[in-house]
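The values are calculated or read from the model by the stated rules, or taken from the named source; none is laboratory data. Every value quoted in this text rests on a predicted model; they were computed, and no experiment measured them. Because the Cβ atoms are built from the backbone with ideal geometry, glycine has one as well, and the counts that use them run over all protein chains shown. Each accessible area value is taken on the protein alone, full model and side chains, heavy atoms only, with ligands, DNA and RNA left out. Shrake-Rupley method; radii C 1.70, N 1.55, O 1.52, S 1.80 Å.
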Amino acid sequence: MVNYPNKKKMPSSFTAHPVEGNKHYTALRGMNLEEDLNLSNSYYLESDIAVIYKKPTPIQVVKVDYPKRSAARIVEAYYRKPSTTDYNGLYRGRYIDFEAKETKVNYFPFKNISDHQIKHLERVKRHGGIAFLIIAFTTRNEAYLIDASYVCELYRTSSHRQITYDQVKQHGYPIPQGYQPRLDYLKILDEYYFKEGS
């Protein structure tokens, strides 16, 4: 049993893959995108590579049940305000902010991202931060990092209200998958956002 900083325990059914470069291992097989990103971020933090966290969704607690003094349980709550994006943090002195989405089909529908999230990503870019989306095509076991500028532009101008797999593949970057980290999305930032002279 492995304890991670967020107090979650790795399920006992988890089996480690001893060879990091095992071409038959894909991070998304049997897991979901959020879990893979949380494990990757834990690895980055523990290895002192980056400080990136999942943002908590602000809630207003309305009713709490106290069956035992040590076991309080929230039974009614509501979201205080719409959340912005899923993750943010610091890497190599730059602020990064991103949204993570999964889809089982060969496109990502724009109904799955809110207008306030698009505005937030645009604002981050405008103020010099690195903003992007990570889109996982779960049936293909593929995940891509795609810059927010492209997605926001398409969101504002496309009549199709979606971004296709082919568009993501053409304008995004496939994220290397492995054991540690599960999804090495910082490798994409190194290659395309931190080039010499940029």
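Taking the stretch 150-197, which residues are open to solvent by 10 Å² or more (accessible area, probe 1.4 Å), more than 19 Å from Asn112 (Cβ to Cβ) and in a helix (DSSP H, G or I)?
Of everything in the stretch 150-197, those that are open to solvent by 10 Å² or more (accessible area, probe 1.4 Å), more than 19 Å from Asn112 (Cβ to Cβ) and in a helix (DSSP H, G or I) turn out to be Gln170, Lys187, Asp190, Glu191, Tyr192.
Take the stretch 94-116 and flag every residue that is among the small types (Gly, Ala, Ser) and within 15 Å of the chain's Cα centre (by Cα).
Filtering the stretch 94-116 down to residues among the small types (Gly, Ala, Ser) leaves 100, 114.
Once the filter is applied, which keeps residues that are among the small types (Gly, Ala, Ser) and within 15 Å of the chain's Cα centre (by Cα), the stretch 94-116 yields only Ala100.
Would you check which residues across the stretch 89-108 are among the polar types (S, T, N, Q) and exposed (fewer than 14 other Cβ atoms within 10 Å of the Cβ) and list them?
Result: Asn106, single match.
Please count how many residues of the stretch 125-149 are open to solvent by 10 Å² or more (accessible area, probe 1.4 Å), part of a helix (DSSP H, G or I) and under 22 Å from Ile175 (Cα atoms).
2
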